[in-house]
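Nothing in this text is a laboratory measurement; each read-out follows from the coordinates by a stated rule. Nothing here was measured: the structure is a model prediction, and the numbers come from that model. Cβ coordinates were reconstructed from backbone atoms using ideal geometry, including for glycine residues, and neighbour counts include every protein chain displayed.
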Amino acid sequence: MKFTLTHEIDCDVDTFWKLFFDREMNEEMYRKALSFPSYEIVEQRDNPTELIRKVRAQPKIELPGAIQRLVGGSFSYTEEGTFDKTTKTWRWRMIPSTMADKINNQGIIRCEPGTSGKCRRISDITAEAKVFGLGGMIEGTAEKGFRSGYDDSAKFMNKWIADGRVK
C-alpha cells in the first residue's frame with residue numbers, strides 16, 4: 001500500500017529541516033505529544049553531502065487482537081534514514097522488532113515552499129505486510145498509525161514554532 005500525506009508547517013523550508021533534526025524537539029514530540037514509551041536517537045552523523053540518523057522507538061499503538069498476538073506486547077522499531085543535502089529529501093525505512101522479513105515500511109519526506117512563509121511537508125509512504133491472511137489488516141493498521149502520527153507531529157511542530165522554541 002502506498003499513500004501520500006501532506007501537512008502545512010508554519011515555517012520556511014530551511015527552518016523545517018532544522019527542526020526535523022533538532023534532538024530536543026524530536027525527543028519532546030515523540031515522548032510527550034506522541035506518547036511513545038521510548039524514543040532514542042541512537043546515531044546522528046553529518047557529512048558534506050548527507051545526514052544519517054538512526055532511531056530506536058516503541059510507539060504507543062492500539063493493535064487489533066490478531067496483530068497483537070502476532071507481534072507481541074512490546075512492539076518497537078528501528079528507523080534508519082538519510083537526508084540528501086542536495087535534493088533536500090529524507091529517505092527512511094522502519095525495521096520492526098518482529099517480522100522484519102515480512103513487514104516493509106519506508107518513505108520519502110520532502111518539503112516545498114508554501115504561502116506566507118509556510119511550507120508543505122510531503123510524505124510518500126509505503127506500508128507492506130506479506131503475512132498470509134493478515135497482510136491487509138497490518139497494512140491498514142500501519143496506514144492509520146502513520147496518518148495519526150504525522151497529523152499529531154505537524155500540530156506539535158506548529159505549536160513549537162508558535163511558542164518561539166526554534167533555535
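Given the alpha-carbon gyration tensor of the chain, what are the semi-axes of its equivalent ellipsoid in whole angstrom, ordered largest first, with each equal to the square root of 5 times an eigenvalue?
So the equivalent ellipsoid measures 28, 16, 16 Å along its semi-axes.
From the phi of every residue in region 23-32, what ³J(HN,Hα) in whole Hz does the Karplus formula 6.51 cos²θ - 1.76 cosθ + 1.60 yield, where θ is phi - 60° and glycine or proline is x?
Coupling constants for region 23-32: 4, 4, 4, 4, 4, 5, 5, 5, 6, 8 Hz.
Most mobile of Ser35, Ser76, Ser116 per a Gaussian network model of the chain (Cα springs, under 10 Å)?
Comparing Ser35, Ser76, Ser116 in the GNM, the peak value goes to Ser116.
Report Rg(Cα)/(2.2 N^0.38 Å) for region 75-167, keeping two decimals.
In units of the globular-protein estimate, region 75-167 measures up at 1.27.
Springs between alpha-carbon pairs under 10 angstrom, Gaussian network model over the chain: which of Met157, Met94, Met137 fluctuates most?
Met137
Can you list the residues, at least 5 places off or on another chain, whose amide H is less than 5 Å from the amide H of Ser76, using H built in the peptide plane?
Amide H to amide H, under 5 Å and 5 or more residues apart or across chains, Ser76 pairs with Ser97, Thr98.
Run the numbers for Arg69 and Thr115: contour at 0.36 nm per residue of separation, minus the present Cα-Cα distance, in nm.
11.9 nm
Using a Förster distance of 35 Å, how high is the FRET efficiency between Asn47 and Lys102, based on the Cβ-Cβ distance and rounded to 0.05?
Efficiency, from the Cβ-Cβ distance: 0.60.
How far is helix 135-162 tilted off the main Cα axis of the chain, in degrees rounded to 10, range 0 to 90?
20 degrees
Please report, in debye to the nearest 20, how large the charge dipole of region 1-102 is about its Cα centre when each Lys and Arg carries +1 at its beta carbon and each Asp and Glu carries -1 there.
Here region 1-102 has a charge dipole of around 460 debye.
Students often get this wrong, so check it: of Lys18/Lys85; Lys60/Lys144; Lys18/Lys118; Lys2/Lys130; Lys54/Lys155; Lys118/Lys167, which have C-alpha atoms separated by over 21 Å?
Lys54/Lys155
Could you calculate the contour length gain from Thr4 to Ala33, that is, 0.36 nm times the residue separation minus the distance between their Cα atoms, to one decimal place in nm?
Difference between extended and current length: 8.2 nm.
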